[in-house]
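J.: Here it is, the structure in full.
The values are calculated or read from the model by the stated rules, or taken from the named source; none is laboratory data. Here the structure is a predicted model, which is why all the values come from computation and not from measurement. Cβ coordinates were reconstructed from backbone atoms using ideal geometry, including for glycine residues, and neighbour counts include every protein chain displayed.
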Amino acid sequence: MARRKKIYEGKAKILYEGPEPGTIVQYFKDDATAFNAEKKAVIEGKGVLNNRLSEFFMTGLQGVGIPTHFIRRLNMREQLCRQVEIIPLEVIVRNYAAGSMAKRLGMEEGRQLPRPIVEFSYKNDALGDPLVPEEYIAAFGWASQQDMDDIVAIALRVNDFMSGVMHGVGIKLIDFKIELGRVWDNDFMRLVVADEISPDSCRLWDIETGQKLDKDVFRQDLGNLTDAYTEVARRLGVLPSNV
Ligand code: C5P
């Protein structure tokens, strides 16, 4: 680690300068946080599983033509990614009511929504990532109208891909969060899926039993988080041999 310059340390990952200009190294920690870091724990093996799972999802997205920041996995806990200018939004897609939406609208968790709903939170830990309308995003210049159209289109394509993949292994994709970044190839700007896609940032329920296989296991004290993530990895065929 000492050979790399740390750029940023977040709740679940550390970003280091990459070996070439325009690259970064994402290191997946075992730290789990919930409720804006009011609840914290170290969950052994989580970082290794999320590194693998995020690699799996990002590679799959690239395979269906959705650009991501992912370049390649380097080792058990690290992946090489393109450096992006992160858009300060958490883009959430919901297929079934759960979490903050269920709470806000007094809905029963698990109720199927009439169609996938895309919503946006302003990425700001101090404020607890508040939900924001598109009007704010445009007015404060966080993303242009063209960016927003592209972001919604990308989010829905990610939802189609992820829902299909998860359905194939008997898991319902309740909702998920992605982050997007801008990369420039000469003067041409592209939006790419950045950060991570893992059970930390999705809600995943077993289709048959309704068992939760995501970070709600930690948030709601439902059992062993590593076991839940291992089950997701096992079904997807991406289980690292030494977890
Ligand atoms: O809490 P809420 O219901 O708004 O979360 C929606 C989805 O976004 C969940 O899958 C949750 O794990 C994810 N999320 C996230 N990071 C946040 C907030 C939500 O990954 N800061």
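J.: Does the range 97-118 contain at least one residue that is more than 16 Å from the ligand (Cβ to nearest atom) and farther than 28 Å from L236 by Cβ?
T.: Within the range 97-118, one or more residues are more than 16 Å from the ligand (Cβ to nearest atom) and farther than 28 Å from L236 by Cβ.
J.: What's the number of the only condition in (1) assigned to a strand (DSSP E or B); (2) more than 16 Å from I66 (Cα to Cα); (3) not hydrophobic (A, V, I, L, M, F, W, C) that R190 fails to meet?
T.: (2)
Condition check ((1) in contact (Cβ under 8 Å) with a residue 12 or more places away in the chain; (2) in the same structural domain as V183 (by TED's automatic domain parsing); (3) closer than 26 Å to S54 by Cα; (4) surrounded by 12 or more Cβ atoms within 10 Å (Cβ to Cβ)) across all residues:
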| position | (1), (2), (3), (4) |
| --- | --- |
| M76 | yes, no, yes, yes |
| L89 | yes, yes, yes, yes |
| I92 | yes, yes, yes, yes |
| A97 | yes, yes, yes, yes |
| S100 | yes, yes, yes, yes |
| G106 | no, yes, no, no |
| G110 | yes, yes, yes, yes |
| P114 | no, yes, no, no |
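J.: Output the qualifying pairs, or none if there are none: Cβ atoms under 7 angstrom, residues six or more apart or on different chains, first residue in the range 204-224 and within 12 Å of G110 (Cα to Cα), second residue part of a loop (DSSP other than H, G, I, E, B) and within 11 Å of the ligand (Cβ to nearest atom).
T.: L204/D214
J.: Give the range 116-146 a look and list any residue that's surrounded by 11 or more Cβ atoms within 10 Å (Cβ to Cβ), free of Cβ contacts under 8 Å to residues at least 60 places away in the same chain and acidic (D, E), or say none.
T.: E119, E134
J.: On the basis of being within 24 Å of R190 (Cα to Cα), hydrophobic (A, V, I, L, M, F, W, C) and touching a residue at least 60 places away in the same chain (Cβ under 8 Å), does F161 make the cut?
T.: Yes: the conditions hold for F161.
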